[in-house]
Amino acid sequence: MAHRRTRVKSWLPVLLFIGGAVAAAVYFVENPGSAMAARVLTYDHLATLAAQHVGMVVISSLLAAATALPLGILISRPRLRLLGLVLENLVNIGQTIPSIAVIALSFTVLGLGFNTAIFALWLYSLLPILRNTYAGIISVPPGVREAAVGMGMRPWRILLRVELPLAFPIIMAGIRTAVVVNVGTATLATFIGAGGFGHLIVTGIMVRRLQLLLSGCILSALLAMLCDHLLGMVEEKVKTSA
Amino acid sequence: MKRVMSKYGIIWLISLLLLLPLLSGCSGGQAAQAPGAIDKWVFATDHEFSVRPDGLPELLKFYGFEFDEVRIMDLGVTYGALKDGQVAAAMGFATDGRIAAFDLVNLEDDKNFFPVYNPAPVVRKDFLDRYPELEELLGRLSPLLDTETMISLNAQVDVENKDPKEVARQWLLEQGLIREEASAPTKGKIVVGSKEFTEQLILGAITIQVLADAGFEAVDSTGLAGSEVVRKALTGGEIDVYWEYTGTAWLVHLGHDDPLTDSEECYNLVKEEDLARYNLVWLAYAPFDNTYTIMMRKADADALGIKTISDLARVINEGKN
Amino acid sequence: MIRLEGVTKIFPRQRVPAVKNLSMEVGEGEICVLVGPSGCGKTTTMKMVNRLIEPTEGKIYVNGRDVADMDPIKLRQDIGYVIQEIGLFPHMTIAENIATVPREKGWPEDRIQQQVDILLELVGLDPEVYRHRKPADLSGGQRQRVGVARALAADPPILLMDEPFGAVDPITRAHLQNEFLSLQKKMRKTVMFVTHDIDEAIKMGDRIAVMRAGELVQYDTPDRLLSAPADDFVAALVGHNRALKRLHLVKAGAVARTDVAVAQATRFVEEAKELLQTNNSPVVVVVDGLNRPKGVVQREELLRRNGRAALQDIVNPLESVADEDATLYDALSTMLNYGERYVVVLNHNREFQGIITFGYLLELMKENGS
Amino acid sequence: MGFWSLVVSRWNNILESTGEHILIVVAAVCVAVIVGVALGVVITYWRSLAGPVLYFCQVVMTIPSLAMLGLLLPVFGIGYKTGVATLILYSLLPIVRNTYAGIQGIDPAIIEAAKGMGMRETTILRRVKLPLAWSVILAGIRTAVVMIIGIAAIASYIGAGGLGEFIFRGISQWNLQLVLLGAVCVSLLAVLADGLLKRVEGRARR
């Protein structure tokens, strides 16, 4: 995946996103618009949904990074070049499977609930991280790697001090993509009983209550933008300090 | 290099196609626990039931009990969740084919909380005026659709995995309501809508095929999400006909707070008010009552001696004390 | 110091050996240049020394020890390795780049920092300015200097250099070559140097190994290579202008004439004219009190001038100059560049060392050519 | 019931849904190409707009698809309209970005030469800039198509039809085979579209 360009690097948008989310939450709780919406739009319930959504995203993303990074490093080793090629293709095909299908497949095999959602999100966010880790390490110029070997650096030192630092911006971009996609996919987790902001959206669509629908849409969109921006800042920081 | 890549791509796509169906064999169920051994009362509901005025919140208040946990999921998933033991009780629809197939029981609504939900085709008045033969055509269907029929039709789709359209066609042919070969459309265009669950899909498919057989150009717009969505589509002219339930119209669309428990009464009141207020015509209603139901596994219900929702409320409340 | 015995390398899935039964020895403190057309096996040969490539057959000894018995990591840490500038780590600062091998060897941090500064000074980069820069902020020539500094960081007795000056423009390359040669004078490293440029080979090498298709065609001193090529291939490689190339072999400082007219800037034209009578120098070199040339006055111009004028008033700026380490080839091209018949040779302190005239150059070539 | 017998028994259904799926994707891409290329061209002339426009497109990309469908639902109503509108929005970023990058990446000397020969700006755009940037723009379209084929599956939920219906039906009926059917069809469609557009792109590059 290509580098994504970051434009804004300040904390201002972060405050804006968080402030916007809080303001939206307060507005919708205070003006539910209908008795049906009022049943769902309480501070307690919104907090639960937020915790579920953020929980799903954070846990699955961490797990995905923890598995995809070593795997990506492994398949980038010259000895496993063939495996890397094969896995790269598998990943490319895997990414054409829609997120809802991954949720649905995990659900039909593993059953309902939070853990299934985590599994599906983990599986789906493995792909961009794996691909970018592999691509990032492969893209290290051969001359640089050869210089490191020629100077007598040990293989794991080359990995830590040369390959990973050089691949980091690309890896970071993969993580960023994965997390943003995760926030979106987590809205679908409500279909399999795992909660999250998708609950508000689906209920809103079901009973045609605009307040419900909008609250879910706005909160999940703001969460996605917040994640994107925060990771963009990390990416930028890494790029300038490395 | 590029050629190698694309070759690998094709090889892996093929193996993926072969592999996935194999994988599909390993979907396993949970180990069943001892009947009646329920330590946590988890209830499964869909999104709509969880907030409707005649839904879960009022039901709990009405019968005076609380579940330990309520899990909200996609409609239709509740049956499987209950069957697999992931929840102790679940909401569903009384005519769903899976109730019998999964060894579940409907708990009797002994205090008459749930309103009646008899379905009938609904059309706009101006549209009916244009095609008055619709009244006769669709009115013929309703009396044939009793509860047993509907459960069996539903089961064919949900349990036997048949296509709703095929199930509808088979039934219509058996009943002699349509001919084997449909004639080319000679009359106007009718857009048929439905909600997204199985029964609605079957009713939609039945309607489409009857209309097509009668020479209309029947357009399939079935499978829309939620009552209000379909209703808006009808009033807005995006669809021309769909099957709505009397109880849903009374409580949701007409905004009444008092559920009606008599089929005849409810139908007449709804028919009258909808025509006056929204210019919608209700054609003849079907005898089956697809009301909401609260279900448990048969084994659990038997072991705990639960037959009615009051029994359930008592058992749960006793467990808490 | 480095000895190859019957070394053969056949790469997997290839029938023709990349290196065929190669035996040679590089003496201590020598620069051995491997030269030949691309694909002749020169880089493969070099990489077998630090075991980046393992030989299929044969033995390689470094300091009398078979490298096959040594830990490749330890071996490489004791052999400096310079490749084209792309080999610098782009994410590390210059200091970190240079500190790579000392870090790997576990030197204490203060010693590493000290060493980094020493090396930056050595290659002519101001540590204060360049220490914290990234390779991307440097010019090609500066990057190459860092490459050399990095290879020297842990003071290895041996250097392997793979076309180290290949990616820079000809003028910078000549500078870097000269600088490296003067460094080498002090360091006396054992160097194996790979290039495809025969001029560079002749300039840099104490001994030159000409390779073709994996075989050693001739292994000789540059002088011998030019005067007695082993076969047509070597002759073609060194080219038909061998006489001109031999100018590479002589340092300007070694042959500069000192019996020329040198005068202090404060002297008068009259006195300079007298000097010119005692020798037939084409110019009078005007120096300051520290014997640093300030400029020259042409013989013709001097003769036209009034005797009472001071030399410092009529002096022309010094253009045609050469360093004492420059080769006669450089000296000749300087002359041609400025359209002069002489070049003034300076030593490292910018002091006057002598002068080389065109006529003298011709004489030297005649002598050497025989 | 096995997977393959399901495929056989639902064959007509599959074809119909695939047709719907292709239709909404093609409709969305057609609109997105017109709007996106125009937008991309415009921001090469008004450079100050480039930053905000590209940022806006990038923000749109981060919005979860279900949320986007929900946000547009009140505007366009149920059915394919909301679906197509959503897909258009998501395909804008790759197309706008690549149009912009494609035109910006043209060697200034070529534009200079065109100007020097007395071509009008509109002619330069039509005869020089767009043809030269075309392969890059196509790459953007390819990215967009592959992406929205997946998103279209979610649009089935608000009645846009398409292969996503198998997936949602599969969830509803707890039926792995149906989900698989939907997933495999969507994936296959995306892979095929990718291959097809790659070929077109390769031809454009020549």
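The values are calculated or read from the model by the stated rules, or taken from the named source; none is laboratory data. Remember, it's a predicted structure, so these values are computed and weren't measured experimentally. Cβ: placed from backbone, ideal geometry, glycine included. Neighbour counts: every protein chain shown. For the accessible areas, the whole protein counts, side chains as well, though only heavy atoms, and no ligand, DNA or RNA atoms are used. Shrake-Rupley method; radii C 1.70, N 1.55, O 1.52, S 1.80 Å.
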(message) Here are the criteria: (1) open to solvent by 30 Å² or more (accessible area, probe 1.4 Å); (2) at pLDDT below 95; (3) not charged (D, E, K, R). Tell me which single one D:ILE43 does not satisfy.
(response) (1)
(request) Could you tell me which residue of the stretch B:108-133 is nearest to B:HIS253 (Cα to Cα), considering only residues that are among the hydrophobic types (A, V, I, L, M, F, W, C) and crowded, with 22+ Cβ neighbours inside 10 Å? (result) B:VAL122
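Could you please let me know if D:GLY79 is more than 12 Å from chain A (Cβ to nearest Cβ) and under 25 Å from B:GLY193 (Cβ atoms)?
Details: more than 12 Å from chain A (Cβ to nearest Cβ): yes; under 25 Å from B:GLY193 (Cβ atoms): yes.
In short, yes.
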(request) Hey, can you tell me all the residues within the stretch B:150-187 that are touching a residue at least 40 places away in the same chain (Cβ under 8 Å), assigned to a helix (DSSP H, G or I) and open to solvent by 60 Å² or more (accessible area, probe 1.4 Å)? (result) B:LYS165, B:ARG169
(request) Only residues that are at pLDDT below 85 and either of a type in the set (D, E, K, R) or in a helix (DSSP H, G or I) (or both): list them for the stretch A:95-116, please. (result) A:THR108, A:VAL109, A:LEU110
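For the stretch B:223-236, indicate whether the set of residues that are outside the structural domain of B:ALA100 (by TED's automatic domain parsing), surrounded by fewer than 17 Cβ atoms within 10 Å (Cβ to Cβ) and in a helix (DSSP H, G or I) is non-empty.
At the first step, the residues of the stretch B:223-236 found to be outside the structural domain of B:ALA100 (by TED's automatic domain parsing) are B:223-236.
Keeping just the survivors that are surrounded by fewer than 17 Cβ atoms within 10 Å (Cβ to Cβ) gives B:235-236.
Now restrict to residues that are in a helix (DSSP H, G or I): B:235.
Yes, the stretch B:223-236 contains a residue that is outside the structural domain of B:ALA100 (by TED's automatic domain parsing), surrounded by fewer than 17 Cβ atoms within 10 Å (Cβ to Cβ) and in a helix (DSSP H, G or I).
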(request) Could you please find all residues in the stretch B:35-62 being more than 14 Å from chain D (Cβ to nearest Cβ), open to solvent by 10 Å² or more (accessible area, probe 1.4 Å) and of a type in the set (Asp, Glu)? (result) B:ASP39, B:GLU58
(request) Output the helices (runs of 4 or more DSSP H) that fall wholly within the stretch A:117-203 and possess 1 or more residues being surrounded by 24 or more Cβ atoms within 10 Å (Cβ to Cβ), more than 12 Å from every other protein chain (Cβ to nearest Cβ) and modelled with pLDDT of 90 or more, or say none. (result) A:164-186
(request) Output the number of residues of the stretch D:57-76 satisfying the condition of being at the interface with another protein chain (Cβ under 7 Å from one of its Cβ atoms), under 17 Å from A:PRO98 (Cβ atoms) and open to solvent by 10 Å² or more (accessible area, probe 1.4 Å). (result) 2
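Quick check on this structure: which one of B:LEU234, B:LEU312 is modelled with pLDDT of 90 or more and within 14 Å of chain A (Cβ to nearest Cβ)? Talk me through it step by step, then tell me what you get.
On the way: B:LEU312 fails: within 14 Å of chain A (Cβ to nearest Cβ).
After applying the criteria, what remains is B:LEU234.
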(request) Of the conditions (1) within 14 Å of another protein chain (Cβ to nearest Cβ); (2) touching an Asp or Glu at 6+ places or on another chain (Cβ under 9 Å), D:LEU132 clears all except one; give me its number. (result) (1)
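Looking at the stretch B:90-103, which of its residues are over 18 Å from B:ASP289 (Cβ atoms) and within 18 Å of the chain's Cα centre (by Cα)? Please lay out each step first, then the result.
So the first thing to find is which residues in the stretch B:90-103 are over 18 Å from B:ASP289 (Cβ atoms), and the list is B:90, B:101-103.
Correct list: B:ALA90, B:ALA101, B:PHE102.
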(request) Filter the stretch A:202-242 down to residues that are touching a Ser or Thr at 6+ places or on another chain (Cβ under 6 Å) and more than 20 Å from A:THR177 (Cα to Cα), then give me how many there are. (result) 3
(message) Just to be sure before I move on: is D:LEU54 within 29 Å of A:LEU222 (Cα to Cα), in contact with a Phe, Trp or Tyr (Cβ under 9 Å, 6 or more places away or on another chain) and at the interface with another protein chain (Cβ under 10 Å from one of its Cβ atoms) in the structure I sent?
(response) yes
(request) Would you point out the residue of the stretch A:80-116, among those that are crowded, with 24+ Cβ neighbours inside 10 Å and of a type in the set (Gly, Ala, Ser), that is farthest from the other protein chains (Cβ to nearest Cβ)? (result) A:SER99
(request) Can you confirm whether the stretch A:68-79 contains a residue that is at pLDDT 90 or above, under 28 Å from D:SER172 (Cα atoms) and assigned to a helix (DSSP H, G or I)? (result) no
(request) Determine which single condition A:ARG39 fails, assuming it passes every other condition in (1) in a helix (DSSP H, G or I); (2) in contact (Cβ under 8 Å) with a residue 12 or more places away in the chain; (3) within 7 Å of another protein chain (Cβ to nearest Cβ). (result) (2)
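Does the stretch C:52-68 contain at least one residue that is aromatic (Phe, Trp, Tyr), over 25 Å from C:GLY6 (Cβ atoms) and assigned by TED's automatic domain parsing to the domain that holds C:ALA153? Let's see the steps before the verdict.
Applying the first criterion (aromatic (Phe, Trp, Tyr)) to the stretch C:52-68 yields C:61.
Next, from what is left, pick out any that are over 25 Å from C:GLY6 (Cβ atoms): none.
Scanning the stretch C:52-68, I find no residue that is aromatic (Phe, Trp, Tyr), over 25 Å from C:GLY6 (Cβ atoms) and assigned by TED's automatic domain parsing to the domain that holds C:ALA153, so the answer is no.
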(message) Just to confirm my filter: which helices (runs of 4 or more DSSP H) fall fully inside the stretch B:238-320 and include at least 1 residues that are among the β-branched types (Val, Ile, Thr)?
(response) B:263-278, B:309-320
(request) Read through the list (1) open to solvent by 60 Å² or more (accessible area, probe 1.4 Å); (2) within 30 Å of A:ILE170 (Cβ to Cβ), then give the number of the only condition that C:ILE10 fails. (result) (2)
(message) Can you tell me which residue is farthest from the other protein chains (Cβ to nearest Cβ) among those in the stretch A:225-241 that are in contact with a helix residue (DSSP H, G or I) (Cβ under 7 Å, 6 or more places away or on another chain) and either modelled with pLDDT under 85 or not in a helix (DSSP H, G or I) (or both)?
(response) A:GLU235
(request) Within the stretch D:185-206, count every residue that is open to solvent by 20 Å² or more (accessible area, probe 1.4 Å) and either within 10 Å of chain B (Cβ to nearest Cβ) or of a type outside the set (A, V, I, L, M) (or both). (result) 12
(request) Considering only residues that are more than 7 Å from every other protein chain (Cβ to nearest Cβ) and assigned to a helix (DSSP H, G or I), look in the stretch A:204-213 and name the one that is nearest to A:SER99 (Cα to Cα). (result) A:LEU212
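Would you point out which residue out of C:LEU152, C:LEU181 is within 14 Å of another protein chain (Cβ to nearest Cβ), among the aliphatic types (A, V, I, L, M) and within 18 Å of the chain's Cα centre (by Cα)? Spell out the reasoning first.
On the way: C:LEU181 fails: within 14 Å of another protein chain (Cβ to nearest Cβ).
Residue meeting the stated conditions: C:LEU152.
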(message) Regarding the stretch C:272-290, can at least one residue be identified that is of a type outside the set (A, V, I, L, M, F, W, C), in a strand (DSSP E or B) and under 32 Å from the mean Cα position of the chain (by Cα)?
(response) no
(request) For the stretch C:126-195, please list each of the helices (runs of 4 or more DSSP H) lying entirely inside it that holds at least 1 residues being more than 21 Å from C:ASN97 (Cα to Cα), in contact (Cβ under 8 Å) with a residue 60 or more places away in the chain and in the same structural domain as C:ILE79 (by TED's automatic domain parsing). (result) C:170-187
(request) List the number of the failed condition for A:VAL234; all other conditions in (1) open to solvent by 10 Å² or more (accessible area, probe 1.4 Å); (2) free of Cβ contacts under 8 Å to residues at least 60 places away in the same chain; (3) within 29 Å of A:ILE75 (Cα to Cα) hold. (result) (2)
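Residues checked against (1) surrounded by fewer than 21 Cβ atoms within 10 Å (Cβ to Cβ); (2) among the polar types (S, T, N, Q):
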site	(1), (2)
C:ASP71	yes, no
C:ILE79	no, no
C:GLN114	yes, yes
C:GLU121	yes, no
